[in-house]
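Asks: I am attaching a structure below and will ask some questions about it afterwards.
A short reminder: the numbers here are calculations on the coordinates, not readings from a lab. Every value quoted in this text rests on a predicted model; they were computed, and no experiment measured them. Here Cβ is always computed from backbone atoms with ideal geometry, including for glycine, and neighbour counts include all displayed protein chains.
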Amino acid sequence: MNENLTVLAIILGIVHSGIRLATPYLYAAIGETFAQRSGVLNLGVEGVMLMGAFFGFFTVFQTGNPWLGLVAAAIIGLLMGLLMSVVSITFQAEQGISGIGLYMFGLGASSLLFKTMLGTVAGVDGFSELKFCFGGSFCLTDIPVLGDIFFSHSIMTYGAFALVPVSWWALNKTTWGLKIRAVGQNPEAVDSLGVSVTAVRYAAVSLGSALAGIGGASLSISLLGIFQENMTNGMGFIAVALVYFGSWRPKGVLLGALLFSAVNALQLWVQVLGLNIPSDVAVMLPYLLTIIALALPFRRSLQPAALTKPFARGEN
């Protein structure tokens with residue numbers, strides 16, 4: 001009986017941790033979905049997340065207001081998205097190279113700002129777990145099993161999951177979403193109808209980067225409550241991979257984020273429990289899963305036809 005309870009506790013712990021850990025991936029990957037559906041590959045998501053994490057944290061550190069930190073993270077993400085747009089859309093630089101440049105800029109700038117403006121790792125009181133209590137006597141967290149899994153997260157985690165149906169609706173049920181999908185498939189046809197391909201791509205990339213900035217802030221002012229150099233540790237690149245894994249659809253991105261974060265939570269539990277598995281192997285598991293998922297050939301056939309392809313009026 002005790003062994004069964006222990007196994008159940010571990011499973012519940014993995015599920016709960018998996019939901020929490022999916023938060024930054026969802027913000028960044030859903031944002032990147034908008035960008036890629038418009039035809040722009042932004043490999044700088046990692047750098048954007050780092051800048052969002054720093055500015056979100058620093059704002060909360062100075063003001064004590066996590067909402068202001070969230071706004072600051074979104075703004076810096078938006079500005080970096082505009083920078084990416086200028087280089088990749090207006091100047092038509094190779095998107096992979098410009099994205100790596102944006103990542104390096106974010107990595108270096110966040111490290112420099114941390115050293116000059118903070119100097120040491122500190123903590124802040126950011127977004128805490130919500131308490132769904134009624135009448136002061138009953139809380140949803142008191143529900144056996146389900147309470148801890150679904151009703152003990154911060155508002156940023158719930159916001160990340162709410163973003164999935166909202167983004168699906170925006171992409172599939174709005175005129176703007178139709179323009180994004182059309183620009184990603186056939187920008188020449190869209191241009192012939194009088195729609196600005198440049199404006200649509202600018203908006204999609206900027207929105208995606210703003211969400212990536214929020215994803216970074218979800219780490220520093222919600223999940224961890226600290227900022228340290230390179231704290232995203234590859235999350236931005238995983239978010240890009242999740243877009244491919246999810247076949248450029250919000251629902252697929254959600255499934256991929258949950259799968260990856262669950263495996264990530266599993267490797268953390270493996271280390272905590274001290275199981276007879278080398279720690280390096282445990283850490284490698286989620287990344288190995290990502291490589292396997294990206295190797296599936298059918299997903300590549302679903303990508304937007306104009307992805308990574310620059311567009312200039314009058315060339316075709």
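Asks: As a test of the formula, what do you get for the chain when each DSSP H run with n ≥ 4 contributes -39,500 (n - 2.57) and the sum is divided by the residue count, at 222 nm and rounded to the nearest 500 deg cm²/dmol?
Replies: -23000 deg cm²/dmol
Asks: Within 15 Å, Cβ to Cβ, of S98, how many net charges do the neighbouring residues add up to if Lys/Arg are +1 and Asp/Glu are -1?
Replies: -1
Asks: Relative to the compact-globule scaling 2.2 N^0.38 Å, provide the ratio for the alpha-carbon radius of gyration of the range 44-191.
Replies: After normalising by residue count via 2.2 N^0.38 Å, the value is 1.36.
Asks: Work out the charge dipole of the chain with +1 on the Cβ of Lys and Arg and -1 on the Cβ of Asp and Glu about the Cα centre, then indicate which of I76, Q62, G13 is farthest towards its positive end.
Replies: It is I76, whose Cα lies furthest towards the positive end.
Asks: Give me the Debye-computed log₁₀ of I(q)/I(0) at q = 0.11, 0.15 Å⁻¹ for the chain, equal point scatterers on Cα only, no solvent, two decimals.
Replies: Those come out to -0.70, -1.20, one per q.
Asks: Rounded, prolate or oblate: pick one for the range 134-267, where a ≥ b ≥ c are the square roots of the eigenvalues of its C-alpha gyration tensor, a/c under 1.5 means rounded, and failing that, prolate if a/b is larger than b/c, else oblate.
Replies: Taking the square roots of the gyration eigenvalues as a ≥ b ≥ c, the range 134-267 is prolate.
Asks: In whole Hz, with x marking every Gly and Pro, tabulate ³J(HN,Hα) for the range 235-242 from phi via Karplus 6.51 cos²θ - 1.76 cosθ + 1.60, θ = phi - 60°.
Replies: Along the range 235-242, the couplings run 4, x, 5, 5, 4, 4, 5, 5 Hz.
Asks: Classify the range 1-126 as rounded, prolate or oblate, taking a ≥ b ≥ c as the square roots of the eigenvalues of its Cα gyration tensor: rounded when a/c is under 1.5, otherwise prolate if a/b is larger than b/c and oblate if not.
Replies: It comes out oblate by the Cα gyration axes.
Asks: Below 17 Å, Cα to Cα, which aspartates and glutamates can K309 reach? Residues fewer than 8 away in the same chain don't count.
Replies: E32, E94, E188, D191
Asks: For an R0 of 41 angstrom, estimate the FRET efficiency from the Cβ-Cβ distance between I75 and I10 and round to the nearest 0.05.
Replies: With R0 = 41 Å, the Cβ-Cβ based efficiency is 0.50.
Asks: Continuing with the same structure: On the principal axes of its Cα set, how long, how wide and how thick is the range 67-122? Give whole Å, largest value first.
Replies: Result, largest extent first: 40, 24, 13 Å.
Asks: Ordered by packing density, taken as the mean number of other Cβ atoms within 10 Å over each peptide's residues, highest first, how do 90-97, 124-131 rank?
Replies: Final packing ranking: 124-131, 90-97.
Asks: Continuing with the same structure: Taking the Cβ of M231 as the centre, find all other residues whose Cβ is under 15 Å away and add up their charges (Lys, Arg: +1; Asp, Glu: -1).
Replies: After counting each charged neighbour, the total is -1.
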